[in-house]
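The values are calculated or read from the model by the stated rules, or taken from the named source; none is laboratory data. The model shown is predicted, which means the values in this text are computed figures rather than measured ones. Glycine also receives a Cβ, built like all others from the backbone with ideal geometry; neighbour counts cover every protein chain displayed. With ligands, DNA and RNA removed, areas are computed over all heavy atoms of the protein, side chains included. Shrake-Rupley method; radii C 1.70, N 1.55, O 1.52, S 1.80 Å.
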Amino acid sequence: MLDTTFDQLLEFPTAFPFKVVGDADPALADKVVSVVQKHIPGDYSPTTKASSKGTYNSVTINVLVNSKEEIETLYKDLAAIEGVRRVL
């Protein structure tokens, strides 16, 4: 598990935005939603933005998290998606 201080900085439950940057793949948003659904089922509407050269896509998704462990798990699992470069 990651060693973060989210529990000291946030009051749970809270809406937490995740930004996933990956290769330009039209299915990236669906993959991100699929990972989030496994941990925190809900109705998600991510936003996608292409980079200026079209090489990368960024997907932003807001998730209602209940603990720092959920945040850490989502960071880890979102980063494991094929083609993902960064999770912010």
### Query
Taking interchain pairs and intrachain pairs at least six residues apart, which have beta carbon atoms under 6 angstrom, with the first residue in region 50-64 and closer than 13 Å to V84 by Cβ and the second open to solvent by 40 Å² or more (accessible area, probe 1.4 Å) and outside any loop (DSSP other than H, G, I, E, B)?
N57/T48; N57/A50; S58/K19; S58/K49; V59/T48
#### Entry: Pick from region 1-31, criterion farther than 19 Å from E70 by Cβ and of a type outside the set (D, E), ranking: most open to solvent (accessible area, probe 1.4 Å)
P26
### Query
Is it fair to say S52 is part of a helix (DSSP H, G or I) and open to solvent by 50 Å² or more (accessible area, probe 1.4 Å)?
no
### Query
Restricting attention to region 55-88, which residues are open to solvent by 60 Å² or more (accessible area, probe 1.4 Å) and in contact with a Gly (Cβ under 9 Å, 6 or more places away or on another chain)?
Y56, L64, E82, R85, R86
### Message
Just to be sure before I move on: is S34 farther than 16 Å from P17 by Cβ, of a type in the set (S, T, N, Q) and without any contact (Cβ under 8 Å) to a residue 12 or more places away in the chain in the structure I sent?
### Response
yes
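With respect to F18, is the statement that it is aromatic (F, W, Y) and at pLDDT 95 or above true?
Answer is yes for this residue.
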